[in-house]
Amino acid sequence: MSTSTQPVIKCESVYKIFGENAARIIEQSGGKVETAALLEAGCVIGVNNASFEVHEGELLVVMGLSGSGKSTLLRCISRLIETTAGNIHIDGDDLLAMNDKELIDIRRNKMGMVFQNFALLPHKTVLENIALPLQVKGMSTSDSMDRALDMVNLVELAGRENYFPRQLSGGQQQRVGIARSLAVEPDIWFLDEPFSALDPLIRREMQDEFLRIQSALKKTILFVTHDFDEAIRLADRIAIMKDGVIEQIDTPANIILSPATEYVARFTREVPRERVLSCQTIMGKYDDSQDMSDLTVSQEAIIESVAKPILTQQKPVGVTDSEGEIVGVLNSKIMANVLFGDANSLPVNN
């Protein structure tokens, strides 16, 4: 993930209020929007003062229960709906100031979108469905089909390019939707509950496929879901929403170890920490005078994969970086706390 100073997406105090009096109340508020006043006026708050940044190559998962505002926020950022107040910038450009022509251009050339409804054209083949947005952009039929075939291979549907949607499983149809959105080579990828209509086994397979594609393409992604297990599996960071408010935005590990609110804590309470935390997250400080075990583990390793051998060691285990240098230590006590104890006793490394 890039750490460039200019974010790909920047939201500042974004509001989406539904109701006839919303704009007038916000205008009269002098910049201090009162939730109570909006509710008294019969307004419905979809997004309430959302401010955050997403950097190049980052996968931000926006999650919450039904009605939390997560899909509304995504639609504001893609400008499928108009915001009530606030600022949204895409690569430094003011999204809300764009005219219709500029908006069409940025959607065609910079944004890709995938929704829960696959929205495949039933009378067109897999290849034709994927090539369609390229042809809308003016690409020739021959070139668009070549590009579409590349996307078929990327999502591992080779051999099914001439099938019609009715001949595909739900997971295969969703792969076509993903391939179609990627065909235009978007810089930013918006996905709104793309796997929620799939059964659990296919959903897991699609998550694997999604992670494989992202590891290859490194897109900047906003991914909306109501499934916390899905969020922690996919995300670089997670934004948890409730009643239009972002309750917490942080890495999966920090959200699990340090929930900011009771609402966030309820999401994390039943999550097995060993399936989420990496060695780097909870390792202790390394002292080269320590008598160390011969065993070492990577700082990127998930605790679940190394817990058993570490628990059997009497000496501290070295945690190594990508160069093989020891940068921290783990021991059976730390590991036992992760598996069975209190998160507050862990040496959290942000």
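Order of Arg269, Arg204 from fewest to most other C-beta atoms within 10 Å?
Working: Arg269 9, Arg204 16.
Ranked by crowding around the Cβ, least crowded first: Arg269, Arg204.
Apply the Karplus curve 6.51 cos²θ - 1.76 cosθ + 1.60, θ = phi - 60°, to the phi angles in region 106-122 and return the couplings in whole Hz, x for Gly and Pro.
5, 5, 6, 10, 10, 10, x, 9, 9, 10, 4, 7, 4, 6, 7, 7, x
Given a 10 angstrom Cα cut-off, can you work out which residue in Thr261, Thr251, Thr281 is the most mobile in a GNM of the chain?
In the Gaussian network model the winner is Thr261.
What list of ³J(HN,Hα) couplings, whole Hz, do you get for region 173-185 from phi and the Karplus terms 6.51, -1.76, 1.60, once you set θ to phi - 60° and write x for glycine and proline?
Using θ = phi - 60°, the values come out as 4, 5, 5, 5, x, 5, 4, 5, 6, 7, 4, 7, 6 Hz.
Return a whole-number percent for the relative contact order of region 54-273, with Cα pairs under 8 Å and 6 or more residues apart as the contact set.
32 percent
Please list, by residue number, every one of the GluC sites (Glu not before Pro) in region 253-301 that is coil in DSSP and has at most 13 other beta-carbon atoms within 10 Å.
Glu270, Glu300
Going by how many other Cβ atoms sit within 10 Å of their own, how do Arg275, Arg175 line up, fewest first?
Arg275, Arg175
Quick one: Karplus J couplings for region 213-226, per residue in order, coefficients 6.51, -1.76, 1.60, θ = phi - 60°, nearest Hz, x for Gly and Pro?
5, 5, 5, 8, 9, 6, 6, 8, 10, 10, 10, 9, 8, 9
Treat each spin label as a single point 7 Å out from the Cα along the C-beta direction, and report the Asp227 to Asn162 distance in nm.
Result: 3.4 nm between the two label points.
Which order do Phe190, Phe115, Phe195 fall in if you start with the one that has the fewest other Cβ atoms within 10 Å?
Phe115, Phe190, Phe195
Could you tell me what percent of the DSSP beta bridges with both partners in region 54-273 are antiparallel, to the nearest 5?
Antiparallel: roughly 25 percent of the beta bridges in region 54-273.
Could you list which residues have their amide H under 5 Å from that of Leu59, counting only those 5 or more apart in sequence or on another chain, with H placed in the peptide plane?
Amide H to amide H, under 5 Å and 5 or more residues apart or across chains, Leu59 pairs with Ile221, Asp236, Arg237.
Can you list residues whose amide H is under 5 Å from Phe115's amide H, if they're 5+ apart or on another chain and H is modeled 1.01 Å from N?
Here Asp192 satisfy the definition.
Mind listing the long-range amide H neighbours of Met241? Cut-off is under 5 Å, sequence gap 5 or more, other chains count too, H placed in the peptide plane at 1.01 Å from N.
Correct list: Met63, Gly64, Glu247.
State the extension gain, in nm to one decimal, for the chain segment bounded by Arg275 and Lys333, taking 0.36 nm per residue of separation less the distance between their alpha-carbons.
19.1 nm
Which residue fluctuates most in the GNM of the chain (Cα springs below 10 Å): Glu323, Glu247, Glu161?
Glu323
If I model a spin label as a point 7 Å beyond the Cα along the Cα-Cβ vector, how far apart are those points for Leu103 and Lys218 in nm?
Those two pseudo-labels are separated by 3.3 nm.
With equal scatterers on the alpha carbons only and no solvent term, can you work out the Debye log10 of I(q)/I(0) for the chain at 0.08, 0.09, 0.13, 0.14 1/Å?
-0.48, -0.60, -1.08, -1.18
Going 7 Å from the Cα of Glu304 along its beta-carbon direction, which residues of region 217-238 have the amide nitrogen within less than 19 Å of the resulting point?
226-238
Could you compute the net charge surrounding Arg237? Neighbours are other residues with a C-beta less than 12 Å from the C-beta of Arg237; K and R count +1, D and E count -1.
-4
Counting each DSSP H run of 4 or more residues in the chain as -39500 (n - 2.57), what helix-only mean residue ellipticity at 222 nm follows after dividing by all residues, to the nearest 500 deg cm²/dmol?
-10500 deg cm²/dmol
Values in this text are rule-based calculations from the coordinates and carry no lab data. As the structure is a computational prediction, the values presented were derived from the model and not from experiment. Quick reminder, even Gly has a Cβ in these numbers, built from the backbone with ideal geometry, and neighbours come from all protein chains shown.
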